[in-house]
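Report on the following structure.
Derivation of every value follows stated rules applied to the coordinates shown; laboratory data play no part. The shown structure was predicted, so the numbers you read here are calculated from the model rather than taken from an experiment. Ideal geometry is used to build each Cβ from the backbone, glycine not excepted, and the neighbour counts take in all protein chains shown.
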Amino acid sequence: MQSILRAACALSMLAGTAAAQTIYPLDRAEMAVGARFDLKVEFPGNTPPADLKVTINGEDAGKVFGRAPYIDTDEDGLGHTAYWIRGVELPKAGRFAVVATDGQRSAKVEWEAFATPQGRIARNVILLIGDGMSIAHRTAARMLSKGIREGRYGGELAMDDMPHMALVSTSGTDSIVTDSANAMSAYTTGHKSCVNALGVYCARNRSTLGHPNVETIAELAKRKLGLAVGVVTDAEIEDATPAGMVAHTRRRSDYDDIVRMFYWLQPDVMLGGGSLNFRPSGDGRGKRKDGLDYIEKFQKAGYRFVDTATGLASAAGEDGTRKLLGLFNEKNIDGSLDRKFLKKGTVAKFPDQPDLTDMTRAALEVLSRSEKGFLLMVEAGRIDKYSHSLDWERAVYDTIMFDNTVAIAKAFAEKSGDTLVIVVPDHGHPVSIIGTYDDAKGEQLRDRLQTYADAGFPNYPAADRDGFPEKVDVSRRLALVFAAYPDYCDPGRPYMEGENEPTIAAPAAVQPAPQTSPDAPQPAATTSTGATLAPQQGASSARDAAKPAGEEEKPRALANEVYCKSGAARKIGNLPFTARSGVHAADDVVLTAMGPGAEVLRGRVDNTFVFRAMARALGLGQ
Ligand SMILES: [Zn+2]
């Protein structure tokens, strides 16, 4: 299998190489005036440097950018010729035609550079990401926290009650379905990228750190305006969404490198989970392979370090705290259903973890001390993770927590008057509410499922003052279903003993099922402009490089029999046989916004436009 894959990758590379040169940034890239990026062109074969010519609006690229290109006639031993000019920027707004030729073949792309109005429209920007949050999560959160009677809700979610709304399309350069890495990268850089990539275009480089970079909004905001930057998440802080603020790598799981990139940029506030990747392996508290202790390094760089909710509140309250690192779990912070009610997950090991609301309040308190304003990103990461594990109750309780966080950001913005607030998922999940499950209506799940008039309304108790129903395992529950799943058993009720594990890996004796591997290379596509869309080749080679030998064959996933008790529905999966959990959807997601600069967010936009709206508000394109 492995050798077949290798051979297929090699073939795919040859096919790509024979097609045409590839220019990065790709065709139709949009960038802020003055935002930095790496120009890279990959020419087929070992082309003599003298034959290469790259022009921008007809003028030699080296001349336009004021520096000579670096040319590698056999990059990474892959047989292509690479032309690089790193760290360049476009000096004025307009359209830029980029033509690359080796004397025989040429490729052309067009970029757009946009300027932002003079001065700043907003002093601060708060970007709130509900990871994987789809319409059904939002609707269910509204039903559970506000109640619904005779078809009317008892109130509005904070995220719904905002003056500006837009549909956001999330697809990446290589696929209609994005992951959290390239989705976040589109928000933070304004450039589309490919699955698993952060702050780079996916080229053919072997090293995951060698791909052409694009500057992130956090880097821009610090470099150009000296803004304070905050990164808050309930996932691991080196996970894809928070990493999207600082990272440049083809592989989102380069956690050791991503922590180093956090250290390079030094955001003023960093709060989340993921302490294992900050500490060296060996003493049981870390797993870094380079032996470095980044908690110690941050402390030496002037950061207060906290690891409990209590410590966070007191450190944030101190006037002198300007730089704050808080890591409250080795991995992800537990979700609100576990922390507040069920006490499952890792709550016994980490009894004093903050809520996303606590972290956001603390971040706002510290960042407000910045004289120049701030850029704050807050992520509710487990809405996505619990949706992967087909555990919708945990995902929806975290959607309620996320909405409480939105309320805090809105209150801050209303008071300050100069803060742009954007609330947006990075992508969706295929989820829908189709009725209710009524325990009084029979033994089997399908007997209990009630639709249309029979569904009526669920009987969750009225929410507590934080918007959470205290009882989740009620007798008439929402039927929120997933459209994509592996083989699993659906009990149709909440997982009271801990997060759902829908599948287990088949024992070695069970043969893997025939499948189309998601890692299988695809043929190179050619755009109307003649430039090859190369991420497919990049994707294959980077994944090859990323995987130790023998890892290509994933075991077949089997339903976790723990949940296959009487009354549960045994579902024949519709995902590939090796899928262990649910997957993302390509559906558009809903953005809401308020504050100065929010008015440009309307209609349907590409995810890259969210970057543009933030850059415009902060005046970063000047
Ligand atoms: Zn996900």
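Below is a table of values for the structure above.
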read-out	value
Cα centroid separation - segment 112-138 against segment 340-382, whole Å	20 Å
Hz values of 3J(HN,Hα) by residue in segment 190-205 - Karplus curve (6.51, -1.76, 1.60), Gly and Pro given as x	x, 10, 6, 9, 10, 3, 6, 9, 10, x, 9, 8, 8, 9, 9, 4
The chain - percent relative contact order, Cα under 8 Å, separation 6 or more	22 percent
Largest-first principal axis extents of the Cα set of segment 97-154 (Å)	71, 36, 18
DSSP beta bridges in the chain [antiparallel fraction, %, rounded to 5]	60 percent
Pairwise centroid distance, computed over Cα atoms, of segment 594-622 with segment 250-291, Å	31 Å
Cα long-axis angle, helix 2-19 against the chain (0 to 90 degrees, to the nearest 10)	50 degrees
Distance violations [Cα-Cα > 24 Å] among LYS331/LYS571; LYS146/LYS410; LYS192/LYS222	LYS331/LYS571
Equivalent ellipsoid dimensions for segment 226-307 as semi-axes, Å, which come from the Cα gyration tensor, largest first	18, 16, 12
Cα shape, segment 272-385, gyration tensor, a/c 1.5 rule	oblate
Per-peptide average of other Cβ atoms within 10 Å, ordering 430-439, 584-593, 92-101 highest first	584-593, 430-439, 92-101
Rounded if a/c under 1.5, otherwise prolate or oblate - segment 441-510, Cα gyration tensor axes	oblate
Longest exposed-site-free window of the chain, the sites being GluC sites (Glu not before Pro) in a DSSP loop that have at most 14 other C-beta atoms within 10 Å	157-317
Helix 392-416 axis, angle to the chain major axis (alpha carbon atoms, nearest 10°)	70 degrees
Pair SER314, MET165: separation of 7 Å Cα→Cβ label points (nm)	4.5 nm
C-alpha long axis of helix 356-367 to longest principal axis of the chain, angle in °	50 degrees
Cα convex hull of segment 23-82 - mean projected area over all directions, nm²	4.7 nm²
Spatial separation of Cα centroids for segment 423-462 and segment 311-330, in angstrom	41 Å
Enclosed volume per residue, in Å³, of the convex hull spanned by Cα atoms of the chain	158 Å³
Over the chain: helical MRE at 222 nm, DSSP H runs n ≥ 4 each giving -39500 (n - 2.57), nearest 500	-7000 deg cm²/dmol
Likely footprinting exposure, CYS489, CYS564, CYS202, fewest C-beta neighbours within 10 Å first	CYS564, CYS489, CYS202
For TYR488, distant residues with modelled amide H under 5 Å away	LYS571, GLY573
Amide N proximity, segment 574-600 versus GLU414 label position 7 Å along Cα-to-Cβ, cut-off under 16 Å	593-596
